[in-house]
Amino acid sequence: MFFSSQKRMNAEVAALLPQIMEFRHRLHRHPEIRYEEHWTSDRIAEYLAEAGITVKRGYAGGTGLIGEIGPDNSPVIALRADMDGLEIEEKTGLAYASEISGRMHACGHDGHMAMLCGAAAVVARHAKDLRCRVRFIFQPGEEMAAGGRRMVEEGVLDGVTAAFGMHGWPEFPEGTVYLRPGYAMAGADWFTITIQGKGCHGAAPEAGIDPIVIAAHVVLGLQTIVSREMSPCKPAVVSVGRIQAGTAANSIPDNATLSGTVRTLTPETQKKVRSAVERIATGTASSHRATASVQFDSNHYAPLYNDPKMCAFARRAIQNALGGEAFREADCPSMAAEDFAFYLRQTPGAFLWLGTRRPMGDTPGLHSPFFDFNDAALSAGIHTWLSLVGAYPETG
């Protein structure tokens, strides 16, 4: 630990919190979506530079950046925060609500950035006492754009020996930290199925090939993948979220388009479900005299795998900093996806869930227009980052 005492760390973080809270609110007012985070990137770079941290910019199309500090020729620990907002109109009514129409930080990335900046500021004050080099990674495009993959491909993990990410989680109690060794979050695929039929007048369906009826059969068929082709021990989700067809109530259109997502927990299951989606879509269309084409988005997310040894390290470090009750092991994986999985495919590490559920009142879920990151969890998040840095690398 680079602090002489836990009491000293607590006091330093407590003194910093008002500034970090204000910084989080400032970021919340100005959300930017995937690869457009130019204003956000500038603010992060300014904060790190003022703290005395070396900054390198221009990753993932320009908005990604890293900050680094610590002794040369020592093990490198990487800590990552995501930066992008969502295309959602905010309805919180907060004094610091989004000032950009149709954009908001509905997934808590403003909190993630603020916590990592706070940790960076504290680490910089004690740089001479570090036993490792710390790389602070600020990544664009986490929301359905696989910014994590681009960052890794561009070398942000070069020389890194351990990598950690963290996400606020409204399902868990405020200030707790959850972790699950092994496969902890799902891989994600997004698909589009186009059914080509034959249009005709709605009063004469025999003259055409109805793609809407076929689309309905495809949707029902897709639901049998999980219920009839997958083992209950290997979770998977197949959801159709959008169907588009036709422009008039009295006409059968030429085609229909279905869009949806697949969530799986292992690469093997991911491959099997993708194959089943294509087989069911094309086979169902063919049986109804139509054709179907299936396209999967190239920005698919890999399943997220937490290294068991790094999980054990994180448990010890966080319990020492926050107390035994603060750290908990999750009962089951999440079927949500996270592109930190690409970091963990290259470097041992773990992804943490920080509890943000308020003890009183309602806590809206992620991606809700009423969501707001819980400021009361900022302290636990900063302490979590500091505990990992202070304990790395373990000795003895």
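Readers should treat all values here as calculations from the given coordinates under stated rules, not as data from a laboratory. On a predicted model such as this, the values are computed, not experimentally measured, just so you know. A quick note on method: Cβ atoms are made from the backbone with ideal geometry, for glycine too, and the neighbour counts reach across all protein chains shown.
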Exercise. Quick one: dipole size for segment 237-396, taken about the Cα centre, charges +1 on Lys/Arg Cβ and -1 on Asp/Glu Cβ, in debye to the nearest 20.
Key: 440
Exercise. Using Cα centres only, tell me the gap between segment 294-314 and segment 1-62 in whole Å.
Key: 25
Quiz item: So what's the angle, to the nearest 10 degrees on a 0 to 90 scale, between helix 267-287 and the longest Cα principal axis of the chain?
Solution: 20
Quiz prompt | Residue-count net charge about K272 - beta-carbon cut-off 15 Å; Lys, Arg +1, Asp, Glu -1 | solution = +2
Quiz item: Expressed as an acute angle from 0 to 90° and rounded to the nearest 10, what is the orientation of the C-alpha long axis of helix 109-125 relative to the principal long axis of the chain?
Solution: 20
Quiz item: Picking from T284, L48, G64, whose Cα lies most toward the positive end of the charge dipole for the chain (charges on Cβ: Lys, Arg +1; Asp, Glu -1)?
Solution: T284
Quiz item: Taking the Cα centre of the chain as the origin, how large is its charge dipole in debye, to the nearest 20, when only Lys and Arg (+1) and Asp and Glu (-1) carry charge on their Cβ atoms?
Solution: 900
Practice problem: Give the angle, between 0 and 90 degrees and rounded to the nearest 10, that separates the Cα long axis of helix 378-391 from the longest principal axis of the Cα atoms of the chain. | Solution: 70
Quiz item: How would you rank 338-351, 119-132, highest first, on the average number of other Cβ atoms within 10 Å across their residues?
Solution: 338-351, 119-132
Quiz item: In whole Å, what is the distance between the alpha-carbon centres of segment 67-95 and segment 218-251?
Solution: 35
Self-check item: Rg to Rh quotient for segment 15-84, alpha carbon positions, Kirkwood Rh
Solution: 0.99
Quiz prompt | Amide hydrogen neighbours beyond the local backbone of L304, cut-off 5 Å, H modeled | solution = A184, M185, A186, G187
Quiz item: If you put +1 on each Lys and Arg Cβ and -1 on each Asp and Glu Cβ, how big is the dipole of segment 242-320 around its Cα centre, in Debye rounded to 20?
Solution: 380
Quiz prompt | Of [x] 5, 21, 29, 22, 12, 7, 3, 1, 0; [y] 4, 20, 29, 26, 15, 5, 1, 0; [z] 5, 23, 33, 26, 11, 2, 0, the label for P(r) over Cα pairs in 10 Å bins from 0, in percent derived from the coordinates | solution = [x]
Quiz item: Within the chain, what percent of beta bridges assigned by DSSP are antiparallel, to the nearest 5?
Solution: 65
Quiz prompt | Within-15-Å neighbourhood charge of I225 [Cβ basis; K, R +1; D, E -1] | solution = +3
Exercise. Please quote Rg/Rh for segment 186-296 to two decimal places, taking the Kirkwood radius as Rh and restricting both calculations to Cα atoms.
Key: 1.04
